[in-house]
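Have a look at the structure below, then the notes.
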Amino acid sequence: MPGMLTDGGAGGTIVPFSGEPGQAAAAAPPVRIIRHGVAPPISRVYVSFSSGNLLQIACLRPSNSEGGRERGAAEVSGGRVVEVNLGSGGGGPAGADVEEEIDEAEMRRIEYGSVPAFALLQSRKNALADAAAMSRVLAVSEHAEWWQYVLEYSKTISSLLGNTDSLPAFMIDDPKTILKVREKPTSLKAAWELLEIFFVDKQLQSWLPERLVDWLADYDSLLTKTEDTVYRMLSNFQKKLINLQIVEDDPDYWNGLSAALSVGWLDIVVNMLRFHGSYQLDQMDSRETENGLVEAVAVLVSTMPHMRPDLPAGKLGQCCKTRPDFIKALEKWRGQVSKLECSAFWIQCGHQKTRNGLKNLLHIMMGNIKNLTAATSHWLELFISHFLYIRPFTVGFEGMHQLAQKCIQLKPTADNSGLTGLLTGILSENTEVVLAECTKNFGPWMVTHAMELLTADNDYADMMLHEERPNFGGISIEELHRLVYAQVLCSHSLTWQIAPTYLSSCLNQGLGLLEILLLKQPIQDNRVVLKTLEICRLYELENVSTNIMKVAGIYHWKHGKKGTGVYWFQQAHDKVRLDRISQQLFERIGKSVTDDSFKQWEGLLELLGSDIGSAGGLEFLHRYRDFKRSLQQAQEGRTGESARQTVEFLIQLMRNPSTPQRFWLPLLLDSVRLLNCKPYPLLNVGETTLLLNKIQELSMAKLRPDFSNIHLPSHALNSVRLALASNLARAILEEP
């Protein structure tokens, strides 16, 4: 139901959203921006549902009777009907159907895919820079092969952004199809191709207008979201074509033909001419003359000359590879068009709309500016039509900027998309404007990767973008944008890994920021740590790698993962912390050396190794571990030699000066059972005397106040003395 607009301020709300009754807090409704293009004030808004997810919104200005009498009637009346796709959130007439939105996952795919191409180009650039330093060549861009490297780089990025070719046709083609089914284009790829056409591909200079025609055929649907274009006109006519009985009686049929011909879509024009009713076999009257005129125009359209190296598959027209051949073919073709326009057969054509429509097509082919202006909707379409029919011999940038300004005056538009702004900057040969449009409309990824295109064959752009500026902290514009893009990548957990590629190419501040990036990565996950260390290895950041391993070791040690912590300390060759851990381990084992708690430290002891430690502590612990293992085997009776081997470990420990005195008694107490259970002496007289002397030293040491005592049973000392005395007696008796 229509109604007057409320005073909603900047928000322009028609009905306030209050949520469902009984809910504490209403969820925020989805907001869709409606680009209607109607100048304020707007008096009425009509809303109605269309087919599918489409919502039709009509915005009307006040009529003459509602306060607009002081202005012209053309200014105060009128309006526009737009469609909003509720399924995708797009706005504007068919706006959601013609452009593919790049979501986060797709953008990440593009970001990852562009890294190899960027890295390869930088590698080649550095190699050429080294060669230039050794020769008389002053700049990399002066090398003959440099622009070929940039072109290869541009083609790789372009293929990454998508494919504008038509999708595979169905088994049964629809004869009423005007626009072929294809992938939805993106503004990002359209902008990239524009930069490639004008800045990189030198082979296009001789047939640049034809390349613009191809570009418009792919991306005409992206020029505007609120105003008409040739693509939108043909798309709307295709929807209504199924319900038309006599197409030549519909004005939209001839308007679509004129629009398609004005921008050089010859295959579409010929296909639409075949829709004409004179081709029908079941005619009630004679329409041979009318059909002959339609077919003659179709033949002229299909034989239109083009100055280009080759024609894409499915494209109509004559291909002229040289300028003389093109001039000759164009003169002949225009003569045929003029001859048909002056033919007497037009008098015999009884269908007035057909006669007027076909003559309009002929006037377009002859370059009538009035007909071209009426046939096109957007200034860029009019701009392209000039190169096809009025200025077909244009080469390079010759007069393009002045022509573009003239077309903008003839076809002003309120909805200036990023593509038109970018093209205006390119035609004006203003690098600053091109860079600003890329930054504004296409984001940091586009700016970072398009820098090489802008400087491929432009000395001024090369100097401007690489000049170090004090107001930027001594860095260039190119480095500034790379740093900005790298920060964008660093802000996401899935893309920070590719940021070093761009930071490493920034010679002034890139490596410093790269070190900060790597040091700030989380060390909780070992996979992230390993990835960070791999990046450090690639860029030879040994100090950063060492610091990361130390931090990882401290984190895991503090959180109870002792083995992981020791591993990272060993990888970092952190002698100080490893010595401290060894001393702590030595002290902890010494407090409970006769306990089974030694087993919980055995793995850590194995990991530490015997070549690291303070005061021989770890060397003793490793020998003590071997002694405990051999003692256990001897007590279990696994091997006959285990008892003797255990005694040898015992003697080595007691003789070794690194064995602390507080360990003597626990070692001997562990061996008592082994010494008592064997019928023959395990120790000879000398070895037994050594151990008895150790017991005597231990008894004397207990009298010192600084003696460190280990809690053992009170009878431990007596048990050891008795076992040693018994072993000594048997050893003396068995000596010869």
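Taking every residue in the stretch 456-484 that is on the phi > 0 side of the Ramachandran plot and pairing it with any residue that is acidic (Asp, Glu), at least 6 positions away or on another chain, the pairs with Cβ-Cβ distances below 6 Å are GLY474/GLU468. Of the set (1) within 14 Å of the chain's Cα centre (by Cα); (2) buried (at least 16 other Cβ atoms within 10 Å of the Cβ); (3) modelled with pLDDT of 85 or more, all apply to TYR149 but (1). Considering VAL544, VAL484, the condition of being over 22 Å from GLU111 (Cα atoms) and modelled with pLDDT of 85 or more is satisfied by VAL544 alone.
Here are LEU530, LEU513: which of them is outside the structural domain of GLY113 (by the TED database) and surrounded by fewer than 13 Cβ atoms within 10 Å (Cβ to Cβ)? So the residue among LEU530, LEU513 that is outside the structural domain of GLY113 (by the TED database) and surrounded by fewer than 13 Cβ atoms within 10 Å (Cβ to Cβ) is LEU530. Could you please tell me which pairs satisfy a Cβ distance under 7 Å, a separation of 6+ or placement on different chains, a first residue in the stretch 494-519 that is among the aromatic types (Phe, Trp, Tyr), and a second residue that is open to solvent by 40 Å² or more (accessible area, probe 1.4 Å)? Final answer for the pair search is TRP496/CYS490. Scanning the stretch 461-496 for residues that are under 25 Å from LYS155 (Cβ atoms) and not hydrophobic (A, V, I, L, M, F, W, C) yields ASP462, HIS466, GLU478, HIS481, ARG482, TYR485, THR495. When the stretch 353-373 is filtered for residues that are under 26 Å from SER278 (Cα atoms) and small (Gly, Ala, Ser), only GLY357 remains. For the stretch 702-736, the set of residues classified as closer than 20 Å to THR688 by Cβ and modelled with pLDDT under 65 consists of PRO736 only. In the set PRO185, PRO175, only one residue is part of a loop (DSSP other than H, G, I, E, B) and either at pLDDT 80 or above or touching a strand residue (DSSP E or B) at 6+ places or on another chain (Cβ under 6 Å) (or both); that residue is PRO185. Highlighted here are the helices (runs of 4 or more DSSP H) found entirely within the stretch 315-386 that include at least 1 residues which are within 18 Å of PRO209 (Cβ to Cβ): 323-341, 352-365, 369-375, 379-385. Quick one: which residue in VAL115, VAL76, VAL140 is open to solvent by less than 60 Å² (accessible area, probe 1.4 Å) and modelled with pLDDT of 90 or more? Answer to the check: VAL115.
Do we have ALA344 as closer than 25 Å to LYS180 by Cα and not acidic (Asp, Glu) here? No: the conditions fail for ALA344.
The values are calculated or read from the model by the stated rules, or taken from the named source; none is laboratory data. What you are looking at is a predicted structure, and each value in this text was computed from that prediction instead of being measured. Counting neighbours? That spans all protein chains shown, and the Cβs are built from the backbone with ideal geometry, glycine included. The protein model used for the area step is the full one, side chains on, heavy atoms only, and it has no ligands, DNA or RNA in it. Shrake-Rupley method; radii C 1.70, N 1.55, O 1.52, S 1.80 Å.
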